[in-house]
1. How many Lys pairs in the chain lie less than 24 angstrom apart by Cα atoms, where the lysines are 8 or more positions apart or on different chains?
2. What is the Cα centroid distance between the stretch 33-67 and the stretch 81-100, reported in whole angstrom?
3. Normalise the Cα radius of gyration of the chain by 2.2 N^0.38 Å (N = residues in it) and let me know the number.
4. Using a Förster distance of 45 angstrom, determine the FRET efficiency expected from the C-beta separation of Arg16 and Ala122, and round it to 0.05.
5. Which residue, Pro14, Pro37, Pro80, tops the fluctuation ranking in a GNM of the chain built on C-alpha contacts under 10 Å?
6. Just to check I understand the Karplus step: with θ = phi - 60° and J = 6.51 cos²θ - 1.76 cosθ + 1.60, what whole-Hz values come out for the stretch 101-111, glycine and proline as x?
7. At R0 = 41 Å, how high is the FRET efficiency between Glu108 and Lys42 if r is their beta carbon distance? Nearest 0.05 is fine.
8. Rounded to the nearest 500 deg cm²/dmol, what is the calculated helix-only ellipticity per residue at 222 nm for the chain, with -39500 (n - 2.57) per DSSP H run of length n ≥ 4?
Amino acid sequence: MPPKSRKSLWQHYPRRWDLLVYLLAVLTLLVTAQCLPVLAIKKFVFWKSSYSLWSGTIGLFRSGHFGLGAILFTFSILFPFAKLVILLALWCGHFTQQQRMKVLKWLEFLGRWSMLDVFVVAIIVVIAKSGGALQASAKLGIYFFATAIILSLLLTMHIQKLAKRLGK
């Protein structure tokens, strides 16, 4: 049985600088999305608030909704950044093919939950538009976040395709 290769994907594909640029672009979009408002809520004429992913998470913790705050923090802040770090590690790190594919399968599975925030904002906007004194609107941050998540899913699939090619 031949020894297991522990070369990085970058060593297998040394001319693929585009993936690092792609990863940096996703990181830039994600950081921007964290700072921009994702949702604006207007109640009657007098009260209006905008929420970013950070301010929404902090607001949930401050108001005692620790479970919801933890879910928002995990899927909106922690996981997207951790996923990018893991993708960078998979690209540059020395792993066996089996280790690499196992991690990519987990990222693919967990990536399905990445769009949770976008769906929640969409539901809030739809409910608010159904009547009453409450108005809600999606803001620029949710579009940056959705774009970052979709691009990270595509990046994961691309790296997975390159990794599978090595296994053949």
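1. The number of close lysine pairs in the chain is 28.
2. Taking the Cα centre of each part, the stretch 33-67 and the stretch 81-100 sit 34 Å apart.
3. Values: Rg = 19.4 Å, N = 168, 2.2 N^0.38 = 15.4 Å.
The chain yields a ratio of 1.26.
4. On the way: r = 35 Å, r/R0 = 0.78.
Result of the calculation: an efficiency of 0.80.
5. Highest fluctuation among the options: Pro14.
6. Each residue's phi maps through the Karplus curve to give 5, 5, 5, 5, 5, 5, 5, 5, 5, 6, x Hz.
7. Details: r = 39 Å, r/R0 = 0.94.
My answer for the efficiency is 0.60.
8. Numbers: 8 runs with 110 residues, N = 168.
So the calculated ellipticity at 222 nm is -21000 deg cm²/dmol.
Each value in this text was obtained by applying a stated rule to the coordinates, not by laboratory testing. What you are looking at is a predicted structure, and each value in this text was computed from that prediction instead of being measured. Note: ideal-geometry Cβ built from the backbone for every residue, glycine included; neighbour counts use all protein chains shown.
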